[in-house]
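Data block below; observations after.
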């Protein structure tokens, strides 16, 4: 096992541990910290696969914005866990785990049956400069559409989360 | 060297973990957390296929657009959670059973 494989196994373990923590820990802030660990693990994997730009954007968007958004949601809802959420294997929960295991086994089975390709030693061109150039030329229209989508989604989020009482006071 | 299948297998495991979380969690915020995990697993595949030379620049670009859409999705999702909490005083998805109530 060479150094790259060792690093990949370690980072995979970090990502899987983070994902398992985020999906099983019942304490909300701890589950969220586990999610941040998962985001960092995936970002490190992006760096390892030489997609540096996507790795940086992953850290900025997920750890910097999405995780903070989740913290705000927890604070604003003061979400308390129901008794049902704490470690009990109710039938619906067993069914959910079973369904996810079937989907996971199906995906893993498909992967196992495909012919394996070792990743080339030299990464294809596709880091920051080519991505920026493509966004301004061939992918300009999708880029603009996704900007409009993001703006609309953020305005919509503010409108949805707006307090009804405040609306009435303004009117 | 790392092989493509190793990355794809990791992505399948992460997706299954996220799906299990989305199906078993009772707290709406934690359901959204699980959906984010599934989106990240899918993104990992785009980067892996690009790295293997099977996708040209489309790989990282699609991953980039997915990141933006995941950000928009979590913003709207959490706004909905806050609005639902204000109405039902609960974020437990098992308690939210009425429409237009």
Practice prompt. Could you list, in sequence order, all residues of region A:34-57 that are within 13 Å of the chain's Cα centre (by Cα) and either touching a residue at least 60 places away in the same chain (Cβ under 8 Å) or under 29 Å from residue B:84 (Cα atoms) (or both)?
Written response: A:34, A:35, A:36, A:37, A:38, A:39
Response to the item:
(1) crowded, with 24+ Cβ neighbours inside 10 Å; (2) part of a loop (DSSP other than H, G, I, E, B) all hold for residue B:96 apart from (1)
Fill in: Qualifying residues in region A:1-46 (those that are assigned to a loop (DSSP other than H, G, I, E, B) and under 20 Å from residue A:66 (Cβ atoms)) - the one farthest from the other protein chains (Cβ to nearest Cβ)
A:27
Response to the item:
Looking across region B:67-93 at residues that are more than 7 Å from chain A (Cβ to nearest Cβ) and over 25 Å from residue A:151 (Cα atoms), the single one that is surrounded by the fewest Cβ atoms within 10 Å (Cβ to Cβ) is B:89
Worksheet item: Can you tell which of A:122, A:75, A:94 is exposed (fewer than 12 other Cβ atoms within 10 Å of the Cβ), part of a loop (DSSP other than H, G, I, E, B) and modelled with pLDDT under 90?
Response: A:122
Worksheet entry | Selection status of residue B:96, closer than 29 Å to residue A:92 by Cβ, within 7 Å of chain A (Cβ to nearest Cβ) and in contact (Cβ under 8 Å) with a residue 12 or more places away in the chain | no
Discussion item. Going residue by residue through region B:28-40, is there one that turns out to be under 24 Å from residue A:140 (Cβ atoms), crowded, with 20+ Cβ neighbours inside 10 Å and within 7 Å of chain A (Cβ to nearest Cβ)?
Written reply: no
Worksheet, complete the sentence: Of A:100, A:112, A:43, the only residue that is farther than 14 Å from residue B:40 by Cβ and at pLDDT 90 or above is A:100
Discussion item. If I go through region A:139-162 residue by residue, how many of them are modelled with pLDDT under 90 and more than 7 Å from chain B (Cβ to nearest Cβ)?
Written reply: 1
Worksheet item: Give me the pairs: first residue in region A:2-16 and farther than 18 Å from residue A:55 by Cβ, second residue modelled with pLDDT of 95 or more, beta-carbon distance under 6 Å, and six or more apart or on different chains, which are they?
Response: none
Item to complete: Within region B:53-66, identify whether any single residue is under 14 Å from the mean Cα position of the chain (by Cα), more than 7 Å from every other protein chain (Cβ to nearest Cβ) and modelled with pLDDT under 90, and answer yes or no.
Response: no
Worksheet item: Can we say residue B:47 is over 16 Å from residue A:74 (Cβ atoms) and either more than 7 Å from every other protein chain (Cβ to nearest Cβ) or in a loop (DSSP other than H, G, I, E, B) (or both)?
Response: no
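The values are calculated or read from the model by the stated rules, or taken from the named source; none is laboratory data. Being a predicted model, the structure only gives us computed values, none of them experimental. A quick note on method: Cβ atoms are made from the backbone with ideal geometry, for glycine too, and the neighbour counts reach across all protein chains shown.
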